[in-house]
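Report on one structure; see the data block that follows.
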Amino acid sequence: MTGQPMVGVGMPAALHLEAFGREVNAAFGHFPYLVGTAAIGKQWRDVDVRLILPDDEFESLFPAVDPSRPDGRWGLLCAAISELARQRTGLPVDFQIQRMSFANERYPGPRLALGLYDRNGQ
């Protein structure tokens, strides 16, 4: 686990969410974060997971994307990864890839890193 309790997500879903975080890190080189209501309380309608990429990495993946108007590639990739996360975790995951400057500007809430450690503490 991350060392931080995942407030709104119970076991074993939390273990599956941590494993998903490791998969995202393996693919992108950055850990995703649990954000939103699932990061702060027990009542939530979906589980918000965000992959926050440095601006230059985001721009290399989505060169034509305006932070306020994501394009089709961004939307399809986020939807596909959301669905994969739902299948892997059994949770209603809303996954998005965000540009770091945009995320820091607009979303100051808590961020709990997913996938830092497996259940054996490695």
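The values are calculated or read from the model by the stated rules, or taken from the named source; none is laboratory data. No experiment lies behind these values; they were computed from the predicted model shown. Ideal geometry is used to build each Cβ from the backbone, glycine not excepted, and the neighbour counts take in all protein chains shown.
Entry remark, the range 12-21: residues being modelled with pLDDT of 95 or more and surrounded by fewer than 17 Cβ atoms within 10 Å (Cβ to Cβ) number 0 in total. Go through the residues of the range 9-24 one by one and say whether even a single one is part of a helix (DSSP H, G or I), free of Cβ contacts under 8 Å to residues at least 40 places away in the same chain and more than 17 Å from Gln87 (Cα to Cα). Checked against the condition, which is being part of a helix (DSSP H, G or I), free of Cβ contacts under 8 Å to residues at least 40 places away in the same chain and more than 17 Å from Gln87 (Cα to Cα), the range 9-24 yields no hits at all. The residue pairs whose first member lies in the range 79-90 and is of a type in the set (S, T, N, Q), whose second member is surrounded by 14 or more Cβ atoms within 10 Å (Cβ to Cβ), and whose beta carbons are closer than 7 Å, counting only pairs six or more residues apart or on different chains, are Ser82/Val93; Ser82/Asp94; Ser82/Phe95; Thr89/Ala13; Thr89/His16; Thr89/Leu17; Thr89/Phe20.
State all residues of the range 25-40 that are within 12 Å of the chain's Cα centre (by Cα), among the aliphatic types (A, V, I, L, M) and either part of a helix (DSSP H, G or I) or more than 23 Å from Phe62 (Cβ to Cβ) (or both); if no residue qualifies, say none. Matches in the range 25-40: Ala38, Ala39.
Any residue at all in the range 54-76 that is within 14 Å of the chain's Cα centre (by Cα), at pLDDT 95 or above and farther than 17 Å from Leu112 by Cβ? The answer is no, given that none of the residues of the range 54-76 is within 14 Å of the chain's Cα centre (by Cα), at pLDDT 95 or above and farther than 17 Å from Leu112 by Cβ. Scanning the range 91-109 for residues that are at pLDDT 90 or above and in a loop (DSSP other than H, G, I, E, B) turns up Leu91, Pro92. Within the range 22-38, the set of residues being more than 18 Å from Met100 (Cβ to Cβ) and surrounded by 10 or more Cβ atoms within 10 Å (Cβ to Cβ) comprises Arg22, Glu23, Thr37, Ala38. With respect to the conditions (1) of a type outside the set (A, V, I, L, M); (2) assigned to a helix (DSSP H, G or I); (3) at positive phi, Gly115 lacks only one, and its number is (2). Say whether the condition of being hydroxyl-bearing (Ser, Thr, Tyr) and surrounded by fewer than 17 Cβ atoms within 10 Å (Cβ to Cβ) is met by at least one residue in the range 88-107. Yes, because at least one residue in the range 88-107 is hydroxyl-bearing (Ser, Thr, Tyr) and surrounded by fewer than 17 Cβ atoms within 10 Å (Cβ to Cβ). A residue that is free of Cβ contacts under 8 Å to residues at least 12 places away in the same chain and out of contact with any Gly (no Cβ under 8 Å at 6 or more places or on another chain) occurs nowhere in the range 32-51.
Note on the range 42-87: among residues that are part of a helix (DSSP H, G or I) and aliphatic (A, V, I, L, M), the one that is surrounded by the most Cβ atoms within 10 Å (Cβ to Cβ) is Ala85.
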